[in-house]
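Okay, so here's the structure we're looking at.
The values are calculated or read from the model by the stated rules, or taken from the named source; none is laboratory data. Please read all numbers here as calculations on a predicted model, not as lab measurements. Here Cβ is always computed from backbone atoms with ideal geometry, including for glycine, and neighbour counts include all displayed protein chains. Areas reflect the complete protein model, heavy atoms only, side chains present, ligands, DNA and RNA absent. Shrake-Rupley method; radii C 1.70, N 1.55, O 1.52, S 1.80 Å.
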Amino acid sequence: MKSHRKELWFNTSKRRQLLNITPEVDKALQESKISEGLCLVNAMHITASVFINDDEGGLHNDYEKWLEKLAPEKPYSQYQHNGYEDNADAHLKRTIMGREVVVAITNGQLDLGPWEQIFYGEFDGMRRKRVLVKIIGE
Amino acid sequence: MKSHRKELWFNTSKRRQLLNITPEVDKALQESKISEGLCLVNAMHITASVFINDDEGGLHNDYEKWLEKLAPEKPYSQYQHNGYEDNADAHLKRTIMGREVVVAITNGQLDLGPWEQIFYGEFDGMRRKRVLVKIIGE
Amino acid sequence: MKSHRKELWFNTSKRRQLLNITPEVDKALQESKISEGLCLVNAMHITASVFINDDEGGLHNDYEKWLEKLAPEKPYSQYQHNGYEDNADAHLKRTIMGREVVVAITNGQLDLGPWEQIFYGEFDGMRRKRVLVKIIGE
């Protein structure tokens, strides 16, 4: 069994932002030389998400509006977590979007459906944060 | 390390439908001859889900009502994604329900709790769509 | 390839409770003697969750309030699942929080970000329930 580990670093310009990281994950896979296995991609921070969905701008705007409805950023005082911090909403938004994805590796490729793209979902950005890629297989 | 890959195809008669796919996943496991490992089961489409919960009709009706409250299908115009398409709500519903499950394989069996059943959750159906089963282990 | 399986049992004193189980998962990892691989941690019951977030009391109170808003416990009669049972809300809350996490194993350690902690999220407690830890690797 082989394994490969890589950290991907991001620093978004906005508090909330969605980045398509499929090319970076694919690059890590090519470096791994693994052709059959599983690839874990997870946010290493608890106010960010890794998820799979469509790379379509309208949908991304829908996500922003929807997440603000389900877990609004303001007023900050509505959350007990917000004493020294103001990011409680980011913990909740990331809970909805999920921490991680596991992707099958087949014939040395990410085994994704036709529209599946891997995203980094940042909900408390404007600072350097990490994603972990861990691949195991043969 | 051994690996096994199988696609399961579904074509639901309704826009939204929940299908218990535990027997199909178990069949893929038996074909794999893997006795210890991990089994990834994921929707290959971004308006569908694979999740684990109870095979109980009342609960499934509760899911339908609840998801319609959290991410209503109509009016279609409330979502920017809905230009040529009308399925933005399906992207959001699938986000709540999750893309994938990872199930332990122990002694050649799906290592599930007493009430755990694996479901395909379709939120934009009435066409052929796929689930990926990928098993690795020994 | 090596594999290790362990069940963790919990019996919470309240209907809803969040327990930091990172030390127990780490103990299972040390027992496994696996240094590179993947660790699956999943609730074996469908009204409980395993998730990763911050071990901060204010945030945990925010989760309680937020989940009660998204999927209220009462009135019990709002859910069809609640005939002989009264736990439909727990199925929905666990759906939001997620069934499982997959954690990378690197150099014999849980490869977690600086604030990542693994939690058992109980939403229908006061009885003995299980979490499964399954580790594969080398």
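In order along the range B:128-138, the Karplus-derived 3J(HN,Hα) couplings, from 6.51 cos²θ - 1.76 cosθ + 1.60 at θ = phi - 60°, round to 6, 9, 10, 10, 9, 10, 10, 10, 10, x, 9 Hz, and Gly and Pro are given as x. Pairs of alpha-carbon atoms within less than 8 angstrom and 6+ residues apart define the contacts here; what relative contact order does chain B have, in percent? So the answer I get is 55 percent. Taking a ≥ b ≥ c as the square roots of the eigenvalues of the Cα gyration tensor, the range C:63-138 is classed as prolate, since a/c reaches at least 1.5 and a/b is larger than b/c.
Of C:Val50, C:Val25, C:Val102, the residue with the greatest mean-square motion in the GNM of chain C, using alpha carbon springs below 10 Å, is C:Val102.
Label reach from C:Asp86 (point 7 Å along Cα→C-beta): in the range C:42-73, amide nitrogens under 20 Å belong to C:46-48, C:64-65, C:67-73. Sorted from shortest to longest, the distances between the A:Lys69 label points of this copy and the other copies are 1.4, 1.4 nm, with each point 7 Å from Cα along the line through the beta carbon.
Starting from the label point of A:Glu7 at 7 Å along Cα→Cβ, the same points in the other copies fall at 3.8, 3.8 nm, in ascending order. Surface exposure of the protein assembly as shown, expressed per residue as accessible area with a 1.4 Å probe, stands at 37 Å². For a test of the definition: using alpha carbon positions, the gyration tensor, and the 1.5 limit on a/c, classify the range C:1-86 as rounded, prolate or oblate. Prolate is the answer for the range C:1-86, as a/c is 1.5 or above and a/b outweighs b/c. From the Cα gyration tensor of the protein assembly as shown, with a ≥ b ≥ c the square roots of its eigenvalues, which class applies: rounded if a/c is under 1.5, or else prolate if a/b is larger than b/c, or else oblate? Taking the square roots of the gyration eigenvalues as a ≥ b ≥ c, the protein assembly as shown is rounded.
Residue ranking by accessible heavy-atom surface, 1.4 Å probe, largest first, among A:Lys134, C:Lys65 comes out as C:Lys65, A:Lys134. A point 7 Å from Cα along Cα→Cβ stands in for A:Asp26, and the other copies hold the same point at 3.9, 3.9 nm, listed in rising order. Projecting the Cα atoms of A:Leu59, A:Ile136, B:Pro75 onto the charge dipole of the protein assembly as shown (Cβ charges, centred on the Cα centre) puts A:Ile136 farthest toward the positive pole. The charge dipole of the range A:4-109, taken about the Cα centre with unit charges on the Cβ atoms of Lys, Arg (+1) and Asp, Glu (-1), comes to about 220 debye, rounded to the nearest 20.
Residues with beta-carbon under 10 Å from that of C:Ala90, excluding C:Ala90: net charge, scoring Lys, Arg +1 and Asp, Glu -1? Local net charge: -2. Once the Cα atoms are used to define both axes, helix A:57-70 deviates from the longest principal axis of chain A by about 50 degrees. Dipole check for the protein assembly as shown: with +1 at the C-beta of Lys and Arg, -1 at the C-beta of Asp and Glu, and the Cα centre as origin, the magnitude is about 240 Debye. When both the range A:108-123 and the range C:47-65 are represented by their alpha-carbon centers, they are found 27 Å apart. Summing +1 for each Lys or Arg and -1 for each Asp or Glu among the other residues whose beta-carbon sits under 13 angstrom from that of C:Asp124 gives +2.
The helix-based estimate of mean residue ellipticity at 222 nm for chain A, built from -39,500 (n - 2.57) per DSSP H run of four or more residues and divided by its residue count, is -8000 deg cm²/dmol to the nearest 500. Cα-Cα over 30 Å: which of A:Lys93/C:Lys14; B:Lys6/C:Lys69; B:Lys129/C:Lys33; A:Lys69/C:Lys134? In this structure, B:Lys6/C:Lys69; B:Lys129/C:Lys33; A:Lys69/C:Lys134 lie more than 30 Å apart at Cα.
Going from the isolated chain to the complete set of protein chains, the range A:61-100 loses at least 40 Å² of heavy-atom accessible area (1.4 Å probe) at A:Asp62, A:Trp66, A:Leu70, A:Gln80, A:His81, A:His91, A:Leu92, A:Thr95, A:Ile96, A:Arg99, A:Glu100.
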